[in-house]
Amino acid sequence: MLTRKLRLVGIVVIMVAVGTMLSSCTEEKEAKKKMDIEVKQFGTTPDGQKIQLYTLRNSKGLKAEIMTYGGILVSLQVPDSQGNMGDIVLGYDNLDDYIKNNPYFGCIVGRYGNRIAKGKFSIDGKQYSLATNNDPGGIACHLHGGIKGFDKVVWKAEPVEQKDAVGVKLSYLSKDGEEGYPGNLNCTVTYSLTNNNELKIEYLATTDKPTAVNLTHHSYFNLTGCERDILDHQLMLNADKFTPTDAGLIPTGELRSVKDTVMDFTQPAAIGARINSDYEQIKFGGGYDHNWVLNKQGDEMTLAAEVYEPTTGRVVEVHTNEPGIQFYSGNFLDGTITGKAGKVYNHRYGFCLEAQHYPDSPNQPNFPSTVLRPGQKYETTTIYRFSTK
């Protein structure tokens, strides 16, 4: 009798195990069924290059659209607290508008994200001259890779499928001397949309000559679904210090405490609460346009920022292994741009959180180095994680 009972228990255990395995397999198949990658044409550049648009969907219904021109995130659909989907990034409905007038909506920025003073830097005693394509405060500087940075080139693309994510791997060879930078720089940027509701961006680059590299992503976010400005969004920055600038928005080299200043977002605060302050740094930027020094050790991933939008309940967290993050409050948007679905992008209609090394690092010896040498790998990761509350 005991033997029979043991056999019955064994059969039940086996049946439960088989049922669990089947359930697990079914769930995995369902997730794979829901995850999806689509590719379609998104227009042609003036020089005849066909542009592809990759649409990524995860198993939770999130959708990201990325095109090969500029590696631009064209659309990002995420739910609000009621489950209503909304596109939370600024941009255009067609390629032509991106080519004609794009203030870096959704693009990959390189070779060097942010500003380099006077468009000059030196490596190993050799000076390099870059285009000066920006002049805040009437002071010329090099911005976001120059006249034709990575935001305006056509990237090669291939789909990427993983167990819990779908993505697109973009690659580009920036040739020696392009925009004044030394070295042939081989770059890959992989966008992945995960089943944890994350947009993950992985950067990899190698060079054959010492060069300066600082890649980042430049989406303008608006968690209302781009229905109004971003001033009521609640922002937290995991940073006790920032890099103050001169009138030309070039860092002075100081790492200044945010304590008792309008730059303190260590506790969540509305973006608009202090944005019109008479604090000198705010006046220089016409609002927030600064790099914060993240509270972290080494190259580990850390929570850099969190933004909460009260009316929709949407939340975005930014995790990165970069040492800094540039917070830009859309100060130069002025209502002259009509974007997707005919929406006019008024003043401070989007915010950027660009994980990066500090601006002007090639000219600031006390900042973390942005020099990449032959035999080294440039590897960074930034994750935008979405939720509601």
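Look through region 102-137, keep the residues that are without any contact (Cβ under 8 Å) to a residue 60 or more places away in the chain and on the phi > 0 side of the Ramachandran plot, and return whichever of them is surrounded by the most Cβ atoms within 10 Å (Cβ to Cβ). Residue satisfying both the conditions and the ranking: 118.
Those residues that are in a loop (DSSP other than H, G, I, E, B) and either surrounded by 24 or more Cβ atoms within 10 Å (Cβ to Cβ) or in contact with a strand residue (DSSP E or B) (Cβ under 8 Å, 6 or more places away or on another chain) (or both), I need them from region 203-223; list them, please. Even if it seems obvious, please write down each step before you answer.
So the first thing to find is which residues in region 203-223 are in a loop (DSSP other than H, G, I, E, B), and the list is 208-210, 213, 215, 218-220, 222-223.
Result: 210, 213, 215, 218, 219, 220, 222, 223.
Taking the criterion of being polar (S, T, N, Q) and either under 18 Å from residue 219 (Cα atoms) or not in a loop (DSSP other than H, G, I, E, B) (or both), the residues of region 54-81 that qualify are 55, 68, 75, 77.
So, residue 338, is that one surrounded by fewer than 22 Cβ atoms within 10 Å (Cβ to Cβ) and hydroxyl-bearing (Ser, Thr, Tyr) or not? In short, yes. Sub-9 Å Cβ pairs linking a first residue in region 35-53 that is part of a loop (DSSP other than H, G, I, E, B) to a second residue that is modelled with pLDDT under 95 and among the aliphatic types (A, V, I, L, M), at least 6 apart or interchain, number zero. Residue count for region 82-93 under the criterion of being surrounded by 13 or more Cβ atoms within 10 Å (Cβ to Cβ), in a loop (DSSP other than H, G, I, E, B) and not hydrophobic (A, V, I, L, M, F, W, C): the result is 3.
Please enumerate the residues belonging to region 222-256 that are aliphatic (A, V, I, L, M) and more than 30 Å from residue 75 (Cα to Cα). Break it down stepwise before answering.
Applying the first criterion (aliphatic (A, V, I, L, M)) to region 222-256 yields 223, 230-231, 235-237, 239, 247, 249-250, 255.
Answer for region 222-256, where residues must be aliphatic (A, V, I, L, M) and more than 30 Å from residue 75 (Cα to Cα): 247, 250, 255.
Of the residues making up region 103-141, those that are assigned to a strand (DSSP E or B) and within 30 Å of residue 65 (Cβ to Cβ) number 5.
When the residues of region 290-322 are filtered to those that are in contact (Cβ under 8 Å) with a residue 24 or more places away in the chain and over 18 Å from the mean Cα position of the chain (by Cα), the one that is nearest to residue 237 (Cα to Cα) is 295. Of all the listed residues (78, 154), the sole one being among the hydrophobic types (A, V, I, L, M, F, W, C), surrounded by 16 or more Cβ atoms within 10 Å (Cβ to Cβ) and under 18 Å from residue 171 (Cα atoms) is 154. Take residue 192 and decide whether it is hydroxyl-bearing (Ser, Thr, Tyr) and in a strand (DSSP E or B). Criteria met by residue 192. Scan region 311-328 and tell me whether some residue there is among the hydrophobic types (A, V, I, L, M, F, W, C) and in a loop (DSSP other than H, G, I, E, B). For region 311-328, residues among the hydrophobic types (A, V, I, L, M, F, W, C) and in a loop (DSSP other than H, G, I, E, B): absent.
Residues in region 101-121: is at least one of a type in the set (S, T, N, Q), under 22 Å from residue 248 (Cβ atoms) and modelled with pLDDT of 95 or more? Looking through region 101-121, at least one residue is of a type in the set (S, T, N, Q), under 22 Å from residue 248 (Cβ atoms) and modelled with pLDDT of 95 or more. Please work out if residue 287 is of a type in the set (Gly, Ala, Ser), crowded, with 16+ Cβ neighbours inside 10 Å, farther than 17 Å from residue 368 by Cβ and touching a Phe, Trp or Tyr at 6+ places or on another chain (Cβ under 6 Å). Against the criterion (of a type in the set (Gly, Ala, Ser), crowded, with 16+ Cβ neighbours inside 10 Å, farther than 17 Å from residue 368 by Cβ and touching a Phe, Trp or Tyr at 6+ places or on another chain (Cβ under 6 Å)), residue 287 does not qualify. If you take the residues in region 61-75 that are out of contact with any Asp or Glu (no Cβ under 6 Å at 6 or more places or on another chain) and hydroxyl-bearing (Ser, Thr, Tyr), which one is surrounded by the fewest Cβ atoms within 10 Å (Cβ to Cβ)? So, considering only residues that are out of contact with any Asp or Glu (no Cβ under 6 Å at 6 or more places or on another chain) and hydroxyl-bearing (Ser, Thr, Tyr), the one surrounded by the fewest Cβ atoms within 10 Å (Cβ to Cβ) is 68. Restricted to region 342-389, and to residues that are touching an Asp or Glu at 6+ places or on another chain (Cβ under 7 Å) and aliphatic (A, V, I, L, M), which residue is surrounded by the most Cβ atoms within 10 Å (Cβ to Cβ)? Result: 355. On inspection, residue 247 passes the criterion of being touching a residue at least 24 places away in the same chain (Cβ under 8 Å), assigned to a loop (DSSP other than H, G, I, E, B) and either within 26 Å of residue 112 (Cβ to Cβ) or acidic (Asp, Glu) (or both).
Is there a residue in region 278-287 that is assigned to a strand (DSSP E or B), of a type outside the set (Val, Ile, Thr), in contact (Cβ under 8 Å) with a residue 60 or more places away in the chain and under 25 Å from residue 225 (Cβ atoms)? Working first, answer last.
Taking region 278-287 as the starting set, the residues that turn out to be assigned to a strand (DSSP E or B) are none.
So far as region 278-287 goes, no, none of its residues is assigned to a strand (DSSP E or B), of a type outside the set (Val, Ile, Thr), in contact (Cβ under 8 Å) with a residue 60 or more places away in the chain and under 25 Å from residue 225 (Cβ atoms).
The values are calculated or read from the model by the stated rules, or taken from the named source; none is laboratory data. The shown structure was predicted, so the numbers you read here are calculated from the model rather than taken from an experiment. All Cβ positions, even for glycine, are placed from backbone atoms using ideal geometry, and neighbour counts span all protein chains on display.
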